[in-house]
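Please treat every number below as a calculation from the coordinates, not as lab data. Since we're looking at a predicted model, the values are computed, not measured. Positions of Cβ are backbone-derived with ideal geometry, glycine not excepted, and every protein chain shown enters the neighbour counts.
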Amino acid sequence: MLDKTYSPAEVETRRYAEWEREGAFAAGHRDDATPWAVMMPPPNVTGSLHMGHALNMTLQDVLTRYWRRRGHDALWQPGMDHAGIATQMVVERNLAAEGKDRREMGREAFLDAVWQWKGESGGMIVNQLRRLGATPDWSRERFTMDDGLSRAVRRIFVGLYKDGLIYRDKRLVNWDPKLGTAISDLEVESKETKGHLWHFRYPLEDDPATHVTVATTRPETMLGDTAVAVHPEDARYAALIGRHVTLPLVGRRIPIVADDYADPEQGSGAVKITPAHDFNDFEVGRRHGLEMINVLDAAGRINEAAPEAYRGLDRFEARTRIVADMEAAGLLERIDDHVHMVPYGDRGGVPIEPWLTDQWYCDAKVLAEPAIKAVEEGRTRFVPETWTRTYFDWMRNIQPWCISRQLWWGHRIPAWYGPDGTIFVEESEVEAYRAARAHYGEEVDLAQDEDVLDTWFSSGLWPFSTLGWPDETETLKRYYPGDVLVTGFDIIFFWVARMMMMGLYAMDEVPFRTVYIHALVRDAKGQKMSKSKGNVIDPIDLIERYGADALRFTLLSQAAQGRDVKLSEQRVEGYRNFATKLWNAARYCEMNGCTPRSGFGPRSARLTVNRWIVGEAAKTGRAVTAAIEGYRFNEAATALYSFTWGTFCDWYLEFTKPILAGEDEAAAEETRATTAWVLDHILHLLNPLMPFVTEELWDALGDDRAHRLITAPWPDDPDDLADPAAFEEMDWIVRLISTVRAVRAEMNVPASAKIPLAVKDATPRQAEWLGMHEDLILRLARLSSITRTDTPAERGSAQAILDEATLILPLADVIDLDQERARLAKEIGKLDQEIAKIDAKLSNDQFLAKAPDDVVAEQRDRRDDAEATKQRLAEALERVAETA
RNA sequence: GGGCGGUUAGCUCAGCCGGUAGAGCAUCGGUUUUACACACCGAGGGUCGGCGGUUCGAACCCGUCACCGCCCACCA
């Protein structure tokens, strides 16, 4: 006997352990089955499960569970990302707490410490995923820094280098002075900042009393100015072009150049040029052959290239000092308040500095071409489709990708430098030495590049590196390309685009056929969850209080395409209630002997109500299947919720109670069998969404299950399970009973009956009232059609139900006649309005001429119905009036 | 500045091919009824953001405006 309420905590741990023990998630056991694959976006090894993961993983899990049960050889490939910067920061912080410093330890000792940290505290998220019920093939778990994947990284790097698609270049990069590393464009976040616009006067060299005014938001960069630019057609400055100014505080003689970049409308129309510290100025400098003077060191302090007075100052201290000095020199014209966008590093949290360094770049432009083409040709498609445009926009304007990072934790760049600086890019040190020997004709010492690769470089290989590439493994052949990638829009550029490029480069084939992009999870008010706002909801906390099924269902119910998920605890609670509801329905089934009948086929049902529920169940099944395959998870959730609760529990179970309690044993038995079948069907369909409670019930209710539900074949729901006649009749009955209920409520009858067949005595007064509702009685007579039978015996049972039915009417000792009169009058008013509306339509020649016949017929029917109802209500009103 | 998305009941959102505007929650009223009070029954609540157009007919298609959100962008 099932307990009175469902307690998720115990069931979830027990069930998950069983599944895992039995190897239920493992791919590769069905050689004859069609492969189906999804790649888990590898969470950071530093990560713990947040709501975004919970959504992302739930979606993948539903798909995986679905296709697995559909009979495919489903692979959900799990793993973790080494997360270069994030991990290095965590470990450095831990070491700092012990009074240790990375640089003092040295590279090797530090890396040992990171690996040790990974072994002890990394990957917490993997166990949290188990709490969520996720079923990737854990036996295949990979790590971006494991041997195989590292080998893949080196192989690709060498290949790209030799193809000329990776190269070394000296140019401005986004430099994070706090972390001391370059970062890519994508890792820069612009933040609107209130600042100032300082207007400085630069005196002319040959006429120091005359100034050119330039405005800047970054006074400290003036130390590196090497020109002032004006627009070539700006009349105000035409005479100055080619002359020079003396750079204040520095004393450098710098030219006034003409360049389109200077906007005459902006400020004074003259702009200071600092080629080493501004991306635009860099370009201007290049055009005019200007000197590039780097005045900052790696930590963002003023370096030796600047006048002594400023050396060693932090860039912001230098700013203050310079403004003061300029003012003292009488060269500060004015200060305006100014709001502008300041670039920040997304990890370091400090403003990034455009800085001139040597870095490794990947020629993304070339790699992007096939990746663009693949999407144009539909070999990979985005769901929802709207993201296609975002993808194209970025890919078509893609910039060189800076792939080197001045960190220690990551894939070290497989490049070695000879004594004269010759670069040897090889997959191993041995090969590098071999190449060097060939090059120099003698043994030389080589030094490996100190830098590591951007984390996303290895993530880009994930779809094939995890499957064994560069070896041509069976696994790789079988599961590449994957069917779908499930991810949030925030990493389309970081990850999806890179996988497309790398996949096409290495495999000459797209990495996945479909990219399903889901939204962000926000708090109940629609705000982004963040630690600083204190509105972060912990998925594990919700799982503990409401169960993993409830959390999953909540996320799924809102996973509509193109909409954010707003997570409110109230909703989670609601779906917890849903699990309980299902549990109790199953309990009811158990108590009434509605357990699966091995020989029972849903087609054999004869009673209308049974034929009807079977058809509804089948319809729901088809809806769920279509929704999952179409990535409309919210529709799957809604269909199941409303069928289970609104149709099965509220209508079917209530409706059949009299049949179960009745004397017609055949009808009762058929109903028990049907009930069990429908419940089973619900468990089947709901299983990918709510795996725990469904498995538990499946197990509890069936005696000899051939499968666990997790591996049971997905049900097919053929069209012909739905019997139109049964639908029509039930529809009528349902409407009738609704009417009865409404009347009962209107009469204020304390109902002692469930629906609808229980009150057996009517007083004369009540019988009199029934006269006022003749229409109802007439309709009730048709309840005989609850059964669709013709044999005398069956007709007898139908009659029995009918007999009872006539006695069920909700009856009151007292009716408030005034209230009843008002109600009827109101109803009649509404009907009049409706009739008038339809009449207008039906008298419109255009409508009659152009609307399809069925639409016109429908309007006529509606009008007739409304008219008939109105007639009945009018008569009832009359009787009420008489009675009063 | 460019792009994308949104605006439907008090709240959160569905609404597919243009044909009677929906759900959940919340609110209010009723019900201890042997599956379930984490429940059941019922009720109220709408100018579908504004304006214009197409159409016999528009929440839906087109145009335009307003407001909100997000992404991208080098403007000193």
Checklist line | Relative contact order of chain A, pairs being alpha-carbon contacts under 8 Å that are 6 or more residues apart, as % | finding: 13 percent
Next item on the list: Obtain the radius of gyration and the Kirkwood radius of segment A:383-442 from its C-alpha atoms and give Rg over Rh.
Entry: 1.27
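Given a cut-off of under 8 Å on Cα pairs at least six residues apart, what relative contact order in percent is computed for segment A:1-155?
Numbers: 167 pairs, mean separation 53.6, N = 155.
This gives 35 percent for segment A:1-155.
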Check: Can you give the calculated 222 nm mean residue ellipticity of chain A, where each DSSP H run of n ≥ 4 adds -39,500 (n - 2.57) and the sum is split over every residue, rounded to the nearest 500 deg cm²/dmol?
Finding: -14500 deg cm²/dmol
Margin query: Which of rounded, prolate or oblate describes segment A:576-626 when judged by the alpha-carbon gyration tensor and an a/c cut-off of 1.5?
Written below: oblate
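Please report, in debye to the nearest 20, how large the charge dipole of segment A:11-143 is about its Cα centre when each Lys and Arg carries +1 at its beta carbon and each Asp and Glu carries -1 there.
Values: 18 positive and 18 negative charges, 72 e Å.
The dipole magnitude comes to about 340 debye.
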Checklist line | Listed residue (A:Gly621, A:Ile254, A:Ala33) projecting farthest to the positive dipole end of chain A, Cβ model | finding: A:Gly621
Next item on the list: Would you mind calculating the gained length between A:Thr320 and A:Asp31 on full extension (0.36 nm times residue separation, minus the Cα-Cα distance), in nm to one decimal?
Entry: 97.0 nm
Notebook entry, point to check: Amide H to amide H, which residues 5 or more places from A:Thr181 or on other chains are under 5 Å from it, using H placed in the peptide plane?
Noted result: A:Asp176
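Report the extension gain between A:His340 and A:Phe392 in nm, rounded to one decimal, defined as 0.36 nm multiplied by the number of residues separating them, less their alpha carbon distance. Write out the running numbers ahead of the final one.
On the way: separation 52, 0.36 × 52 = 18.72 nm, distance 2.81 nm.
Extra length from A:His340 to A:Phe392 when fully extended: 15.9 nm.
Output the relative contact order of segment A:593-707, whole-number percent, from Cα pairs under 8 angstrom with separation of 6+ residues.
37 percent
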Next item on the list: Quick one: P(r) of segment A:255-403 from all Cα-Cα pairs, 10 Å bins, percents rounded to integers, in order of increasing distance.
Entry: 9, 23, 32, 19, 12, 4, 0
Next item on the list: If a cysteine in chain A has no other Cys Cβ under 4.7 Å from its own Cβ, put it on the list, ordered by number.
Entry: A:Cys362, A:Cys402, A:Cys649
Checklist line | Anchor A:Lys619: aspartates and glutamates whose Cα lies under 17 Å away (excluding residues fewer than 8 positions away in-chain) | finding: A:Glu629, A:Glu635, A:Asp680, A:Asp716, A:Asp717, A:Asp719, A:Asp720, A:Asp723, A:Glu728, A:Glu729, A:Asp731
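Just to be sure I understand the rule: take each whole DSSP H helix in chain A, project its Cα atoms onto its long axis, keep it if the span is 18 Å or more and its mean Kyte-Doolittle hydropathy is at least -0.5. Which ones pass? All intermediate terms of the calculation are to be shown ahead of the outcome.
Working: long enough: A:8-21 (19 Å, -1.73); A:51-69 (26 Å, -0.53); A:84-97 (20 Å, 0.56); A:107-121 (21 Å, -0.73); A:147-162 (22 Å, 0.08); A:315-328 (19 Å, -0.42); A:569-591 (33 Å, -0.97); A:608-629 (31 Å, 0.15); A:665-686 (31 Å, 0.23); A:724-746 (32 Å, 0.25); A:792-807 (23 Å, -0.17); A:817-842 (37 Å, -0.66); A:853-883 (45 Å, -1.25).
Answer set is A:84-97, A:147-162, A:315-328, A:608-629, A:665-686, A:724-746, A:792-807.
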Check: Is the shape of segment A:483-603 best called rounded, prolate or oblate, per the rule: a/c under 1.5 gives rounded, else a/b larger than b/c gives prolate, else oblate, with a ≥ b ≥ c the square roots of the Cα gyration tensor eigenvalues?
Finding: oblate
Item checked: Positive-pole candidate from A:Gln88, A:Thr210, A:Thr274, dipole of chain A, charges at beta carbon -> A:Gln88
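Given the peptides A:625-634, A:22-31, A:52-61, A:410-419, arrange them by the average over their residues of other C-beta atoms within 10 Å, most packed first. Working shown, then result.
Working: A:625-634: 18.1, A:22-31: 15.4, A:52-61: 24.5, A:410-419: 20.4.
Going by the mean number of other Cβ atoms within 10 Å, highest first, we get A:52-61, A:410-419, A:625-634, A:22-31.
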Checklist line | Distant-in-sequence amide H partners of A:Val212 (H built 1.01 Å from N, under 5 Å) | finding: A:Tyr202, A:Leu204
Notebook entry, point to check: Quick one: Debye curve from the C-alpha atoms of segment A:143-205, no solvent, what's log10 I(q)/I(0) at q = 0.16 Å⁻¹?
Noted result: -0.89
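How much of the calculated P(r) for segment A:68-191 lies past 18 Å, in percent of all Cα pairs? Write out the running numbers ahead of the final one.
Details: 5336 of 7626 pairs.
Roughly 70 percent, once rounded to a whole number.
With a/c under 1.5 counting as rounded, go ahead and sort segment A:247-337 into rounded, prolate or oblate using the C-alpha gyration tensor (a ≥ b ≥ c being the square roots of the eigenvalues; past the cut-off, prolate if a/b is larger than b/c, else oblate). The partial results should precede the final answer.
On the way: a/c = 1.82, a/b = 1.22, b/c = 1.49.
Verdict is oblate for segment A:247-337.
With +1 on each Lys and Arg Cβ and -1 on each Asp and Glu Cβ, how big is the dipole of chain A about its Cα centre, in debye rounded to the nearest 20?
Details: 106 positive and 143 negative charges, 147 e Å.
The dipole magnitude comes to about 700 debye.
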Note to self: For segment A:581-728, take the convex hull of the Cα atoms, compute a quarter of its surface area, and give me that in nm², please.
What the structure shows: 8.3 nm²
Next item on the list: Could you let me know the centre-to-centre spacing of segment A:75-104 and segment A:6-27, using Cα atoms, in angstrom?
Entry: 31 Å
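As a test of the definition: which semi-axes, in Å, follow for segment A:390-521 when you take the square root of five times each eigenvalue of its alpha carbon gyration tensor? Largest first, please. Write down the numbers at each step before the final one.
Details: eigenvalues 234, 69, 30 Å².
So the equivalent ellipsoid measures 34, 19, 12 Å along its semi-axes.
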Note to self: Under 5 Å between amide hydrogens, which residues at least 5 positions from A:Leu75 or on another chain qualify, with H placed 1.01 Å from N in the peptide plane?
What the structure shows: A:Trp36, A:Ala37, A:Val38
Notebook entry, point to check: Any idea what log10 I(q)/I(0) is at q = 0.10 Å⁻¹ for chain A, Debye with uniform C-alpha scatterers and no solvent?
Noted result: -1.15
Next item on the list: Can you give me the P(r) profile for segment A:464-535? Cα pairs, bins 5 angstrom wide beginning at 0, each as a whole percent.
Entry: 3, 15, 19, 19, 13, 9, 7, 8, 6, 2
Checklist line | For chain A, with +1 on Lys and Arg beta carbons and -1 on Asp and Glu, the positive-most of A:Tyr433, A:Pro232, A:His518 along the dipole | finding: A:His518
Next item on the list: Working from the alpha-carbon coordinates of segment A:2-96, get Rg over Rh, Rh being the Kirkwood radius.
Entry: 1.09
Note to self: Give the separation of the Cα centroids, segment A:419-495 to segment A:247-274, in Å.
What the structure shows: 44 Å
